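Colleague: Questions regarding the structure given below will be posed in turn.
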Amino acid sequence: MQPIHVGRGEFVVREGEAADALYVVVSGRFAVEVKGYSGTVAEISRGSTIGEIAFFAGCNRTATVRAIRDGIVVRLTRTDFDSISENSSAAWAAITATLAERLAAETRRKSEISNNFLATNARPRARTIAIVGATSGFMAPPFLNAFADSASSKSGTLVVSSTTISDVIGGQCNTDLDFTAALNELECRFETIIFIADPELTRWSEKCIRQADEVLLVACSVDAHATATVPLGNLEAFALSVHPQSSRRLAIVHRSGGIAEGTRHWLALREPAMHHHVALQCTNDVERLWRFLAGEALGFVACGGGAYCSAHIGVYRAFREASIEFDILGGASGGAAMAAAFAQDLDPLSITSGVQRMFVKGRALSRYTLPRYGLLDHTHFDTHLRREYGGVRIEDLWKPYFAVSADLSNYETYVHRTGYLWQAIRASSAIPGLLPPFYTEDGRMLVDGSVISNVPVETMHALKNGPNVVVSFQGSEGQKFEVDYASLPKRTDLIWRTLNPFSNQPLPSAPSAATVLVRSLMANRDHFERYLQVGDWLLVPPTPLGMGALDWRRHSEVMTAAYEYTREEIALRRPVGYAG
């Protein structure tokens, strides 16, 4: 069996081809892909076989296997195998046992997919990461030193550069095949390997990029905010040609913290799966970046629910006082608005004042209009959103953030991760019938995210690995409505009794159309539990009895109850997998 060098992106076998050989992985990492299934079905690493099912069954290849990074395999042809099996009858017994195990695993996998066919997850955590300088290739030494310190603090992590690699692998490698084998051998000794590329496209830089599961582009924007599309440098252009969007990450390094500007100009040509803002020499920012790379970032998932969403403020306040910081935040409907305030690191009292200003004094969701496009005047609501969230763009927020809407154009979830913050909140809060949909420039019709996902934990899992604090609430569970259905007036009586100030017939007490709409959306809140994973922390803060879904005047009561509840929960346990 002779070694074969497989470059990153090259195919070992393709689905549908004749199975004339099987392969054994000596080093590297390989992705298994199947037509009709989005993403990677499985990953194969050192010691595993490739293509054995079709080989032994005598059928065509059942999947495509592609190299995630440079690797080495050995090939066994059918002629050679026939010769081996003639001389060793025990070979078939071992093969039969292996195939039985594979069949059982495949059966379990298909069962899980059919039971949870909507599940989405982030890519497997990267074990090899290439750090590459954007544009000129330059990376600020203070950032590199702080990043190396954060990475090295985790046991099993190796940070290497062109000046240290020879010492690590124990000398020079004469061929690229030997070099690849030496680098892959390091994975037997280390859990995570960080390759720091040279400023130029050297042999080392090229090897770092090809060897990495993920590339981290480091953009130094310490002098001024970008005002136009930032061109690619030769080094990062090569990196983008090797790595698809799903394995790209961008860190924009600033001189100081706060709200950034011009981030969209960095994203335009690079299109990373996620980007991060890092203040130069700020330990907290660098540590947050490392938690994302290590698969340990702590997320906050906020649910929808009208006035009940004030409960999120109490939860946020309790975690803030416990010095537990969230790395990424997102939500649906009213939860999207709350998460946006938290992503800006606003003080809980300031957020509470904003709720009072917007929904109690400003009555942002209480100005009715002719029901041509919706029951409420959306321009009044929009004005308040602009006033509270200003001209801030999502990509300029210091912490990653998302809002979820329901796209009625394609009947799918729409995740807002760029654009004006107030518009994302407006779309995610567009309760059907109550407010007109939000229409985008490309023709999408977006409504309240709760229509599809009231607690968007599956969206959070699709963005990153690691634990999450997930908030849901029951509202007035089991609340009864003592309404005499026969007393509800017909149209002419309703108009007369509403407009006639001298009418001595009061309207029957019954929930408004707005309340019915909000409660209808909250009914879509239980399915999220199937997406909870080990490490997720579900909080269900209490809500006052008899409170309506649009009763914003009780927001302080809701917030206080959630605060006390969360304090008790934190005292009992802290988020699994998070050491903060």
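The values are calculated or read from the model by the stated rules, or taken from the named source; none is laboratory data. Fair warning: this is a prediction, and the values are worked out from it, not measured in the lab. Virtual Cβ from ideal backbone geometry, glycine too; neighbours counted across all protein chains shown. Note: accessible area is taken over every heavy atom of the protein model, side chains too, but ligands, DNA and RNA are not part of it. Shrake-Rupley method; radii C 1.70, N 1.55, O 1.52, S 1.80 Å.
Colleague: For region 241-272, name all the residues that are open to solvent by 40 Å² or more (accessible area, probe 1.4 Å) and closer than 12 Å to Asp396 by Cα.
Modeller: Answer for region 241-272, where residues must be open to solvent by 40 Å² or more (accessible area, probe 1.4 Å) and closer than 12 Å to Asp396 by Cα: Gly257, Gly258, Ile259, Glu261, Arg264.
Colleague: Using the structure shown, decide if Ala427 is assigned to a helix (DSSP H, G or I), of a type outside the set (Lys, Arg) and crowded, with 17+ Cβ neighbours inside 10 Å.
Modeller: Yes: the conditions hold for Ala427.
Colleague: Right, something else. Looking at (1) surrounded by 20 or more Cβ atoms within 10 Å (Cβ to Cβ); (2) under 29 Å from the mean Cα position of the chain (by Cα), find the lone condition where Phe238 falls short.
Modeller: Going through (1) surrounded by 20 or more Cβ atoms within 10 Å (Cβ to Cβ); (2) under 29 Å from the mean Cα position of the chain (by Cα) one by one, Phe238 breaks only (1).
Colleague: Tally up the residues in region 34-60 that are farther than 16 Å from Gly71 by Cβ and within 24 Å of the chain's Cα centre (by Cα), please.
Modeller: 6
Colleague: Which one of these is without any contact (Cβ under 8 Å) to a residue 40 or more places away in the chain, aliphatic (A, V, I, L, M) and under 23 Å from Tyr420 (Cα atoms): Ile351, Ile328?
Modeller: Result of the check over Ile351, Ile328: Ile351.
Colleague: May I ask you to verify whether Ala273 is under 29 Å from Ile72 (Cα atoms) and either among the hydrophobic types (A, V, I, L, M, F, W, C) or in contact with a Gly (Cβ under 8 Å, 6 or more places away or on another chain) (or both)?
Modeller: yes
Colleague: While we're here: Going residue by residue through region 435-446, is there one that turns out to be under 28 Å from Val540 (Cα atoms) and either open to solvent by 10 Å² or more (accessible area, probe 1.4 Å) or of a type in the set (Asp, Glu) (or both)?
Modeller: no
Colleague: What's the total number of residues in region 295-323 that are open to solvent by 10 Å² or more (accessible area, probe 1.4 Å) and not hydroxyl-bearing (Ser, Thr, Tyr)?
Modeller: So the count comes out to 7.
Colleague: Being in a strand (DSSP E or B) and either at pLDDT below 85 or within 30 Å of Arg189 (Cα to Cα) (or both), is that true of even one residue in region 75-95?
Modeller: Yes, the conditions are met somewhere in region 75-95.
Colleague: Between a first residue in region 482-506 that is within 24 Å of Gly546 (Cβ to Cβ) and a second residue that is in a helix (DSSP H, G or I) and open to solvent by less than 100 Å² (accessible area, probe 1.4 Å), which pairs have beta carbons less than 9 Å apart while being 6 or more apart in sequence or on different chains?
Modeller: Once the first residue is within 24 Å of Gly546 (Cβ to Cβ) and sits in region 482-506, its partners that are in a helix (DSSP H, G or I) and open to solvent by less than 100 Å² (accessible area, probe 1.4 Å) give Leu488/Leu494; Pro506/Arg497.
Colleague: Looking at region 396-416 only, could you name the residues that are in contact (Cβ under 8 Å) with a residue 40 or more places away in the chain and in contact with an Asp or Glu (Cβ under 8 Å, 6 or more places away or on another chain)?
Modeller: Matches in region 396-416: Asp396, Trp398, Lys399, Pro400, Ser405, Ala406, Thr413.
Colleague: Taking helices (runs of 4 or more DSSP H) that do not extend beyond region 257-328, which have at least 3 residues that are in contact with an Asp or Glu (Cβ under 8 Å, 6 or more places away or on another chain) and not aromatic (Phe, Trp, Tyr)?
Modeller: In region 257-328, the matching helices (runs of 4 or more DSSP H) lie at 263-270, 283-294.
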